[in-house]
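The values are calculated or read from the model by the stated rules, or taken from the named source; none is laboratory data. Since the model is a prediction, treat every value here as computed from it, not as a measurement. Ideal geometry is used to build each Cβ from the backbone, glycine not excepted, and the neighbour counts take in all protein chains shown.
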Amino acid sequence: MPPPTEPERPFVEPWHAQIFGMTHALAAAGSFTWPDWASHFGEALKLALNAGGPTDGSDYYDVWLVALETFLIEQDLADRDSLDDLRAAWTDAYLSTPHGAPVELSSKALSGA
Amino acid sequence: MTKKPPHDHSHPHTLLPSDPALRAKAIETLLVGKGLVDPAAVDALVDTFSNDIGPRNGAQVVARSWSDPDYRARLLGDATAAIAELGFSGMQGEHMVAVENSERVHNVVVCTLCSCYPWPVLGLPPVWFKSPEYRARVVREPRAVIAEFGLELSDDIEIRVWDSTAEIRYLVVPQRPAGTEALDEVGLADLVTRDSMIGTGLAMQPEAS
């Protein structure tokens, strides 16, 4: 085990904070219970490890992200097509937004969600 | 073999975020659009976890239990209520249990399922707490794992491993170091490390005066 004394940043990437915050906000708002989420996430962690994932926890938020997507779909709070469409729309938005300008989704992409 | 040039800074468009970042944005856009998530609530939660809660909360709890026998009894009897007395309460209503170290027993906490952690008193878990290696090994060979954190426990000390769940979170109350009789609660709390409240460390010794 590594020496654990170094202070750690709470979130390494902004999206780690984003999915962590969303999951807590959804549970706090009653969209699902935390134990149901924890059980789904625990299963995903086990699968990732069994599939040869790292043992140092470095893929923790990657697994969280995939687990959150499948959990939201399972709970009927999201659907795969909308997630895929919105990901593509965000990609387009980044690629078509001039450097320095705020990146926003077109109203078409938003209404399609 | 042709080598691709490094990132071309004459690119007219904004740098594309990573795939996970785009997927996270897609989730947020969808959930906000459906009214399931309030972006301000997400920001507030992240801010709370990043800035307001952390091991200093737990250290206050431990320092109080060291200096106030009545509080100690309440903490060991009903940790959720005793911790709430100091203004710290569960984020998702989880139940807290305090386990106290002694001359004979050393407690250590894990979550074998995922990373259930006593957020209100310790904040976010360190990466090693979330690692499959710690989660699996501390159950099988706690003495060896704790030794890797630099804590050699003698063989006559019993090690108890507590497996957190989504419903029950454990806080280890480390032993009060010797030579701290003159310290007030604030001074005592300074000795209480995060790892001492997980069980992979001890409280620090006071500086020799």
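Points to keep in mind about this one:
- Tally of residues being under 13 Å from residue B:19 (Cα atoms) and within 7 Å of chain B (Cβ to nearest Cβ) across segment A:85-102: 5
- Residue check, residue A:52 outside any helix (DSSP H, G or I), surrounded by fewer than 20 Cβ atoms within 10 Å (Cβ to Cβ) and without any contact (Cβ under 8 Å) to a residue 60 or more places away in the chain: yes
- Residues in segment B:12-25 that are in a loop (DSSP other than H, G, I, E, B) and surrounded by 12 or more Cβ atoms within 10 Å (Cβ to Cβ) were compared, and the one that is modelled with the highest pLDDT is B:17.
- Against the list (1) within 12 Å of another protein chain (Cβ to nearest Cβ); (2) in contact (Cβ under 8 Å) with a residue 60 or more places away in the chain; (3) among the β-branched types (Val, Ile, Thr), the condition residue B:186 fails is (1).
- Within segment B:57-87, the residues that satisfy the criterion of being part of a helix (DSSP H, G or I) and among the acidic types (Asp, Glu) are B:70, B:85.
- Candidate set from segment B:26-44 (those that are in a loop (DSSP other than H, G, I, E, B) and over 17 Å from residue A:16 (Cβ atoms)); member that is farthest from the other protein chains (Cβ to nearest Cβ): B:35
- Within segment B:104-114, the set of residues being crowded, with 23+ Cβ neighbours inside 10 Å and within 25 Å of residue A:43 (Cβ to Cβ) comprises B:108, B:109, B:110, B:114.
- Checklist (1) touching a residue at least 24 places away in the same chain (Cβ under 8 Å); (2) of a type outside the set (Lys, Arg); (3) over 24 Å from residue B:35 (Cα atoms); (4) outside any helix (DSSP H, G or I) applied to residue A:44, failing item: (4)
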